[in-house]
1. So which strands (runs of 3 or more DSSP E) are wholly in segment 133-239 and hold at least 3 residues that are more than 30 Å from LEU256 (Cβ to Cβ)?
2. Six or more apart or on different chains, Cβ under 9 Å: which pairs go from a residue in segment 287-307 that's surrounded by 13 or more Cβ atoms within 10 Å (Cβ to Cβ) to one that's modelled with pLDDT under 95 and acidic (Asp, Glu)? Could you list them?
3. Going by what's in this entry, would GLU469 be described as surrounded by fewer than 20 Cβ atoms within 10 Å (Cβ to Cβ), in contact with a Cys (Cβ under 8 Å, 6 or more places away or on another chain) and touching a residue at least 12 places away in the same chain (Cβ under 8 Å)?
4. Condition test on PRO353, is it under 15 Å from GLY257 (Cα atoms) and either open to solvent by less than 40 Å² (accessible area, probe 1.4 Å) or in a strand (DSSP E or B) (or both)?
5. If I filter segment 405-412 for residues that are crowded, with 21+ Cβ neighbours inside 10 Å, under 17 Å from GLU215 (Cα atoms) and among the acidic types (Asp, Glu), do I get at least one hit?
6. Do we have any residue at all in segment 271-285 that's touching a residue at least 60 places away in the same chain (Cβ under 8 Å), under 27 Å from VAL326 (Cβ atoms) and not aromatic (Phe, Trp, Tyr)?
7. Picking from ALA368, ALA403, ALA397, ALA392, which residue would you name as being closer than 30 Å to LEU448 by Cβ and assigned to a helix (DSSP H, G or I)?
8. So for segment 427-448 (the condition being open to solvent by less than 60 Å² (accessible area, probe 1.4 Å), among the charged types (D, E, K, R) and outside any strand (DSSP E or B)), does at least one residue qualify?
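The values are calculated or read from the model by the stated rules, or taken from the named source; none is laboratory data. Model, not experiment: these values are computed from the prediction. Neighbour counts are summed over all protein chains in view; Cβ atoms, including those assigned to glycine, are modelled from backbone coordinates with ideal geometry. Please note that ligands, DNA and RNA were not included when accessible areas were found on the heavy atoms of the full protein model with its side chains. Shrake-Rupley method; radii C 1.70, N 1.55, O 1.52, S 1.80 Å.
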Amino acid sequence: MPDDGPSRPATVPDFDAVRAEFALPAEFPADVLAEAARAAAVATARTGGRRDATDVDLVTIDPPGSKDLDQAVGIRARRGGYRVHYAIADLAAVVVPGGPLDVEVRRRGQTMYLPDGSVPLHPPVLSEGAASLLPDGPRPAVLWTIDLDDAGETVDISVERALVRSRGRLDYGGVQADLDAGRPLPDAIALLPAVGRLRRELAVARGAVELELPEQEVVPDGAGGWTVRARQRVDLDGWNAEISLLTGTSAATLMLGAGVGVLRTLPAPDPDAVARLRALAAALGVGWPADVTPARFLAGLPLDTPRALALRRAATSLLRGAGYAVFDGPAAPPPVDPGHGGIGAPYAHVTAPLRRLVDRFGTEICLAVAAGEDPADWVREALPTLPSLMAASDTVAGKVDRACVDRTEAVLFADRIGQEVEVIVLRDEPGEVYLPQPPVLARCRGPLSAGDRVLARVAVADPATGTVEFAVG
């Protein structure tokens with residue numbers, strides 16, 4: 001019989017080893033810190049040429065304890081639809097092109113998150129202080145104003161530098177608790193559920209592929225160690241994400257219209273991959289009408305049944321080939337297919353400049369286009385370098401996240417070699433299984449059939465390498 005779960009681990013995962021393995025920087029160079037301190041000292045005083053938008057009702061929604069607040073949102077009704085305000089931290093106002101800080105953030109690419117502390121893209125004096133949209137007074141920002149019709153479709157886009165004031169620093173759990181209890185939301189986001197639902201339905205109609213696989217995260221276990229849990233999804237997460245995606249697709253619209261920009265691209269699902277997913281659905285006895293798109297099919301699947309999990313895991317083959325595409329005039333035109341298959345539309349990163357390098361450049365392009373101007377030379381000169389910089393940092397970020405989860409899983413099972421647990425088979429070749437509690441994703445040897453529940457033996461659990469492997473038979 002499978003037992004109830006792992007006992008308290010005798011050791012803890014070595015996240016410092018992960019930092020060393022991927023050569024993550026321990027601190028910022030002195031000249032970078034000095035420049036950041038100078039920028040922070042004057043950041044909130046740089047109000048010249050900005051629209052005073054402190055009357056716009058905005059709040060931030062982030063994980064509890066977050067201080068690097070990139071976005072503040074406010075939604076209100078307008079005649080015939082909705083007006084979405086999305087304020088974004090204005091990094092280009094504090095980062096001097098070609099200076100020590102600019103050089104360092106290009107080297108880093110993005111913030112790396114580890115369970116026991118992040119490796120930030122920018123010095124905290126900026127990312128958690130002067131450049132963050134904290135609710136402690138007027139802050140310089142880039143303000144997007146996007147008008148939607150009553151169906152949620154975009155009818156107008158504008159973006160400008162502004163002075164904004166966040167009315168509150170909210171967290172996902174708190175807002176969701178208010179929703180669940182029937183308590184009124186702050187005025188700034190009272191319409192977020194309505195607009196979020198409209199935008200999500202439009203996304204599915206566009207063909208946006210959302211896998212909704214369980215996301216693992218490493219958290220304290222309450223006893224001085226660490227454990228793995230499935231990140232809790234709440235409705236608010238999805239609605240808030242739709243506002244970010246709306247802004248990113250709006251940015252892509254401006255860029256493509258002007259013939260200059262940097263897109264986040266992903267090919268549309270390959271027909272052969274769709275055919276293989278349909279074949280697996282048939283083999284598992286899951287109905288998929290011929291006229292239903294992959295996006296609509298996946299949106300209708302349960303989140304946690306064995307067959308649905310196997311199908312969602314197989315659907316990762318629909319989302320292959322992500323990258324960045326830059327274009328600038330007739331000599332470097334946009335790609336033939338500028339779309340993002342996971343979103344169902346062209347898309348650009350502009351909403352997380354505190355945590356991701358490319359957003360600062362994308363935002364500057366959009367500001368210039370909206371003002372009827374050419375992007376600054378420093379932006380255009382950087383464009384050809386951005387795809388490789390972001391690809392490298394994306395790769396490292398993914399490996400760091402996976403390594404932290406793997407090492408924690410291995411610690412949890414290090415003293416359980418030979419024990420049996422009940423797992424869900426996600427793939428039979430190569431063998432891959434999912435243990436729901438604690439949530440562990442691992443290779444598995446032996447005869448397997450996707451979508452089955454089976455008893456598997458813990459065969460390998462090595463905290464030093466993060467290797468966990470199960471075996472059947």
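1. On the way: elements: 139-149, 154-164, 166-171, 216-220, 226-230.
Where strands (runs of 3 or more DSSP E) fall fully within segment 133-239 and carry at least 3 residues being more than 30 Å from LEU256 (Cβ to Cβ), they are 166-171, 216-220, 226-230.
2. From segment 287-307, the pairs are ALA295/GLU210; LEU298/GLU210; LEU298/GLU212; ALA299/GLU210; ALA299/GLU212; LEU301/GLU212.
3. Yes: the conditions hold for GLU469.
4. Values: under 15 Å from GLY257 (Cα atoms): no; either open to solvent by less than 40 Å² (accessible area, probe 1.4 Å) or in a strand (DSSP E or B) (or both): yes.
Considered against the rule, which asks whether it is under 15 Å from GLY257 (Cα atoms) and either open to solvent by less than 40 Å² (accessible area, probe 1.4 Å) or in a strand (DSSP E or B) (or both), PRO353 comes out as no.
5. The answer is yes; a qualifying residue exists.
6. no
7. Result of the check over ALA368, ALA403, ALA397, ALA392: ALA403.
8. No: segment 427-448 contains no residue that is open to solvent by less than 60 Å² (accessible area, probe 1.4 Å), among the charged types (D, E, K, R) and outside any strand (DSSP E or B).
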